[in-house]
Every structure is written in C-alpha cells, then in structure tokens.
Amino acid sequence: MSSYVVKRGFAAVKEDGLRSFIWSKRWLLLREQTLTFHRNENTYQALALIFLKEVESVQRTDHKPYCFEVVTKDKSYFISCRSDEELYSWMDEIYQRSPLMGIGNPTNFVHQVHVGFDLNSGAFTGLPQDWRNLLESSNISKDEITKNPQAVLDVLEFYTENLKQTQENAIYSTSSQMDNLSMSSGPSGSPSPSNSSGERPRGDSLSQRGPPRPDRGPSDRYTEERERQPRQPRGVPVPQSGRSASAAASSGRAPPPSSRTGRSTEDLNDGGSSFSDRSTAGGREYDASMNPRSSSRPSPRPEPSIASSTPSAAAAIAAAAAARDPEREREQRRREQQEREREREMELELERERAREKELQRERDREKDRERERLRSEREREREKERQRLDSERKQREREREQEEKAAAIAAASLPPSVETNATAAASANGPETTSPTNVILTSKKKKDKDVRLSTLSEGQIMDKLRTIVTKSDPTSMYQKIKMVGEGASGKVYLARPTSSAAPNGPSTVAIKQMDLKRQPRKELLVNEILIMRDSSHPNIVNYLDSFLVKEDLWLVLEYMEGGTLTNIIDNNTITEPQIAVICNETAKGLQHLHQRSIIHRDIKSDNILLGSSGQVKITDFGYCARLTADRGKRATMVGTPYWMAPEVVKQKEYGPKVDMWSLGIMAIECIEGEPPYLDEDPLKALYLIATNGTPTLKNPEKLSSQFKNFLGRCLEVDVTKRASSDELVLHPFLKSASGLAILAPLVAPKKRK
C-alpha cells in the first residue's frame, strides 16, 4: 500500500444515515489507495477510512454550493469544499485512483479558470466574487464596461494591489502629513486644520474611500465560473436517495437505538462544530457571514430532533427487534471485527507513513545541504573567475598606461624645446582636472558597486545606514522646543528655536519632527528622504537642516514654512491665473533640479507644496522619491496618490520623470477648480476614468487663456513621448509670463495673521 500523500486539506464532511444532518470539519489525506479523515492536521489517528478500490462513484451534489459525494459499497460520504477549483481538484484525484470507475476522466464538468468578457451579455465571466462586489459598487456603467473591459480589469487589479500597499504605508503616510503640518503651522503654533467642517475631502489614499480590499487567495485572480445550484437551508436533513435507502434496507443493518445517538455522532463530528458556519483557511478565520450571498439566504430553521428526523419510528422499533436475531447478531459481530481489523491496519499504515515521511524529510534536508554546498562551490568558482578577470583587466590597463607613457616620452623628445615647455606647463595646469577614460570607468564602477537599493536591506542594515547619515550630537543642547504644533501616529512635531551652540547664521525658528522608530514600518523611506533632501539643496525645495538619533527616536530638523500648504491656500482663497503661473513655474524649477539629478518625486500634489512668508514655493515630502540609474532607467512601482497619478502608473507600466509633469498639470487644475478631477467619484471609478479617459475635461475651459490651456495640454498628454519634460516646461510661454513672488503675498497674509 503506497503511503505517498497525493492531496491534503480541510473540508466539511458528513455521512449518510442517522448522521446525515451533521457537517463536521475534517482534515483529509488522500493517498494512492486510501482516503482518511482526521480531526486536524496534527493527529495521526483517523476517524474514518475509505479504500479507493471500494469507491463506486464520485459525483457532484447540491447539498452545498461546492459539494461532492463519494459512494462506497457500505455508505456514502458528502464532502463540501470552499471553491469550484478545490472541489474539482479533489474529485479528479479520487476519480483517477478508483479502479471500479475505470481509467477515464470525469465528463461534463464545467471548469473555467480564466476571466473573460461576453460581448453578447456585456458581462464578465469567471470574475472573482470580491472583484464582482467592487465592480457593482463602483458606479461604472455597463456601457463603460462594454467600451473597454480590459481597462476595468486593469484598475481592479491596480485597486486591490494599491490597497495592500496603502495599508503597509499607513503609518508612514501619517508621518508625511505631520511633515507638512510641521511646516504649515502659523506663528501662533496652532496646527492647520486638515479636515474641519466644510472642508473638501482629500484623496490621500485609496483606503480612505471605498470598500476594503478583500483577502486574496491563490485562486482569486483567476477564479472558476461558479455553478449556480439550489441550496438547502442548513440544519435540515437531506432524505436518502432511493439507491442509498434500498441498500441500507437490503444489508439488514438496523439503526442504533436513539439513546445512543449522542455517541454515534462523535464519529465524524468533533463536539458538534459545524464547518459550514465557521472554519479556518490559511490561518484566517472564515465566517459564512462574510460571503455576500449568505445575507440573502433564509434563516436556518431549528434542527429537528433525531426522533423526528427518522423516517419512521415504527420501522426503527422493528429494526431493533430484528437486530436481536442470533444470526444477525453474529453478522453484526463479524462486521465489527472486520472494522476493527481495518482500523488496526490503518493505524499500522499510518505509523509506517510517519516513519517514511520522517525519512523523506531527512533525505530532503540532506538534499538541501548538498544543494547549498553546490551553490557555494559555484559562487566560489564565479568569484575566482571574477578575480582572474579583474587581474587580467588591471594588467592590461597597466600595459596600456606604460605604452602611453612611452609614446608620450617619445613624442616629447621629438618636440622643439619651446613646444615641450608649453605642453608641460599646460599639463601641470590641467593636471588636477584631467581624468583618463580608464580612471572614469573605474570611478563609475566603484560608484555603481555602492549603489544598493534600500528596499533590499534588512532592518538592521537600514539602522546602520541611518546611523551613518545622522549627526552624532545631542540635539537637546542645540535646539530649544517652543511648543508642540502637531501629533500623529508616528510621533510629534515641534516648533523650536536654535540655541547658541547650534550652527551660526541659521534660521531663527525651525520645525523638528520627532519620530518613534519602533512605530515606523518602512524605515528605508526615512533614509531615502534624508539622503535626497540633503543632496538636493535648491530654492524650490524645503531645506533639510540636520538629523539626530536620540535613543529610539529620529529627529529631523527642517526649514519652517509659515505660509502653510498649497492645499490650505486653495481652500481659503480664489487663486488667479497669474498666481497659478508663479506657483507652477516655481514647482517646475524644483522638479527640473530633481530630474537633472535622475530623481523622480512621484507624489506631487498641493499637500506637498509649501509657501513661505514672502511667497516662496517649495517642494516637500520626499519619502516616495526614486533615483534612476543606468541599469534602472524607469520604474514600475505603484506609489503616489491616486487622483494625481499618470495613466501609465495606473496601468502599471514602466514610467520615468514625466509622471511628475502629469501630477503638476493635475495640481494646476486643482488650483483652478478647488480639487483634482474625479475626486467625487468612487476610487475604483476614478482609476478607471484615469486609465480610459486620459486627459481630464475642464469644467469651464472658456474662462482660461489659450496659453494656460496649452500648458495643461503639454502636462496632461497621455502619450508619454509627446508629454513635455521639465526642461521643456520651464520654457513654456505660460510659465515665462510668471511675475515675481510678491504676487503670492496676499494669499499668505491671512495665514500669517492667524
């Protein structure tokens, strides 16, 4: 008897007969010749055993949505799964190993695994239930679905993936909002209201709007098309079929007396728990109430008593009397003896299986050790080859350098004295600035070796990196906190004044963001923000002043911006077209500075633009910045805020610095209309519109100048190759018409007075 486990997993199981109304959660093990039922995955003692050679049929039933029946010579077993995929997997495996059923495969199975679109009905086929629920609540019309079904699938995929990342970054997002708060509070120190009564909602993340993303199992992306079958209310016993009833009658076996019913139900029922009501899948609690379709089912009726569920009390009494017949008693004892022998055989087989599994595990461990040793040897050989190659290149460079020196010496010897003197003087004058191509290659290679992605480092390595970039001093002696101006999930923000021991000629007030690192799930974003702000000094970028590690806290000392965020300016003022030109011009110059250094901001919006007391415009929040390299000239990561995202980001295509230009155009519309396009739409519908509509439509385009509309067209061009770069945009006539910063002073003045 083979002990190899072909398939294993949890399912709800019930037998026919008196226990036909009891569903019990069981751990199933399918081997080449047997199917066993266990209380859980940790117990070897089987509660029931089916020899596959005795299986007469395997067929789907309507007892439950995903239920099939295994019929043996003695009885039938009903097994309920959680999906069509799981149901057909079990049926196929059992069918193939049951000799009484022939060698063919099951027929007439409807088993679709791909999501499709039916043009006749205008509906998706095979769509996962979670996506179906999202689509029904998204306000996407049937005409829009028929017009572009692929875009709908794209945004459904993007929406669920973005929700997952939003949940991971929730704490850091709060930290970013605190960053803006620290630099947008007025002189009074009161935090700027962000969601006060009457203020428009902001689209900071998908998790703030719409339903939560459902858990996605392995089969959620391509779920089979469900078979719609009638369901019986739970708790109502299903009458036996004519075949089962006649088989039970012909066997001469009588049901046990009702006084022993409680004990008989323990065969496949652990404490009477019902798998159909609550089970465990993948470590998560599965509740039938979470199925959207379960809400429409009628309430289960009270389960009838055993006596009432028995077809006939008189028949039970007659069967009990017949059981006292000596011949039948001997037959009963013989059957019980056979059952006990079968159980002993099964226990021995399970013990042998356990020993074989242990031996297989030891063999797998030995194989892993051999594989690790083989990989280590291969890596060592690769390193040796690399060392030999580098040595060969080094020797080649030395030979080339010697040849160049000899050629230079020969050429110098052949030159007249005056020419040689001038050449020597020129060489000495340019010596410190001259670098040979070979040296350039070596230098760039060394820099490339040091360019390691922060996301690939462990938390310990990230902390080591953080310690190398912060100042190793006590900030409490350098800055005096005046008052707290903000507080969030990750820490607090203070308005502070530098002391005499701080750097001279610095600002009179600063913003200190004090963050608890234990509450920061993605510390690499902090390191990334510090590195980029430290190396990106520019008049249109918020100044990074210093950073410190104080025990478990990270202190970021940043420039204090009295004017607040552009969001507050938009909410409390009507911004004119000349003022918008100045804001966009200053922002574009800051983006040009970043793009020239191969940096993408990836989160340009009004929340991340700060204004100073004299109308200065500066970019902040660099946590989602990305640095492009020769190897990674484009990115495909889903970051940013959905309503400001470019179409190529929503469609999860590769993108470059021009995504910032799209976001700048959306921010300009925000200045005109008070909010970005589609903010009032459901998030999923908004993503669909961004992916399909492309350039958004203005509410009152006739009120805008032709230069402004042309500027928006260059920013919001769907074709990335035609969209303007930052270098091109700063030369646009609309931005060239921008006046001085003084035009923004009236917008900042009300903020300063508060």
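Dipole orientation for the range 466-753: of the candidates Gly491, Thr476, Gln514, Thr476 has the Cα lying most toward the positive pole (charges on Cβ; Lys, Arg +1; Asp, Glu -1). The length gained by stretching the chain between Arg356 and Asp727 to full extension, at 0.36 nm per residue less their Cα-Cα distance, is 126.7 nm. Coupling constants for the range 697-709 follow from the phi torsions by the Karplus curve (6.51 cos²θ - 1.76 cosθ + 1.60, θ = phi - 60°), and in residue order they are 9, 7, 6, 9, x, 5, 8, 9, 6, 5, 5, 5, 5 Hz; glycine and proline get x.
For a distance above 17 Å, tell me the whole-number percent of Cα pairs in the range 492-641 that qualify. Write down the numbers at each step before the final one.
Numbers: 7420 of 11175 pairs.
Counting every Cα pair in the range 492-641, those more than 17 Å apart make up 66 percent.
Starting from the alpha-carbon convex hull of the range 560-685, give the projected area averaged over all orientations, in nm². Can you show the working numbers first?
Details: hull surface 32.2 nm².
The directionally averaged projection comes out at 8.1 nm².
A Förster distance of 35 Å, applied to the separation of the beta-carbon atoms of Ala407 and Arg387, puts the FRET efficiency at 0.70. Here the label points at Thr695 and Arg334, each 7 Å from Cα along the C-beta direction, are separated by 9.1 nm in the simple model. The phi torsions of the range 732-741, fed into the Karplus equation with coefficients 6.51, -1.76 and 1.60 and a -60° offset, translate into couplings of 5, x, 5, 6, 5, 7, 5, 8, x, 5 Hz, rounded to whole numbers, with Gly and Pro shown as x. Taking a ≥ b ≥ c as the square roots of the Cα gyration tensor eigenvalues, with a/c under 1.5 meaning rounded and otherwise prolate when a/b beats b/c, else oblate, which class fits the range 336-375? The shape class here is prolate. With just the Cα atoms defining each centre, how far is the range 642-673 from the range 20-65? Give it in Å. Between the Cα centre of the range 642-673 and that of the range 20-65, the gap is 55 Å.
For the range 466-753, the fraction of C-alpha pairs farther apart than 23 angstrom is 57 percent.
Scoring 645-653, 365-373 by mean Cβ neighbours within 10 Å over their residues and listing the highest first yields 645-653, 365-373.
Considering only Val550, Gln652, His538, the residue lying farthest towards the positive end of the dipole of the range 466-753 is Val550, judged by Cα position with unit charges set on Cβ.
Rounded if a/c is under 1.5, else prolate if a/b beats b/c, else oblate: with a ≥ b ≥ c from the C-alpha gyration tensor eigenvalues square-rooted, which is the range 507-588?
prolate
Dipole size of the range 466-753 about its Cα centre, with +1 on Lys/Arg Cβ and -1 on Asp/Glu Cβ: approximately 560 debye, rounded to the nearest 20.
Does the range 332-406 come out rounded, prolate or oblate by the C-alpha gyration tensor, with a ≥ b ≥ c the root eigenvalues, rounded set by a/c under 1.5 and, if not, prolate when a/b is larger than b/c and oblate if not? Prolate shape, in that a/c is at least 1.5 and a/b is the bigger ratio.
Remark: spin-label model distance Arg8-Glu345 equals 2.3 nm, labels positioned 7 Å along the Cα→Cβ axis.
Distances between placed amide hydrogens fall under 5 Å for Ser98 paired with no residue 5 or more residues away or on another chain.
Given R₀ = 22 Å, FRET efficiency for Ala749-Lys483 by Cβ-Cβ distance, to 0.05?
0.45
Take the Cα of Glu157, go 7 Å toward its beta carbon, and the backbone nitrogen atoms of the range 116-143 under 15 Å from that spot belong to 116-117, 127-128, 131.
Gain in length, Asp535 to Asp680, computed as 0.36 nm per residue apart minus the alpha-carbon separation, to one decimal in nm? Present the calculation step by step, with values, prior to reporting the outcome.
Details: separation 145, 0.36 × 145 = 52.20 nm, distance 3.84 nm.
Extra length available between Asp535 and Asp680 comes to 48.4 nm.
A cut-off of 5 Å between modelled amide H atoms, ignoring neighbours fewer than 5 places along the same chain, links Ser57 with Val71. Close amide-amide hydrogen proximity is noted between Gly615 and no other residue 5 or more places distant or on a separate chain, at a cut-off under 5 Å (H modeled in the peptide plane; Pro and chain starts excluded).
No value in this document is a laboratory result; all are computed from the given coordinates. Predicted model only: the values in this text are computed from it and were never measured. Here the Cβ is made from the backbone with ideal geometry for all residues, glycine too, and neighbour counts use every protein chain on show.
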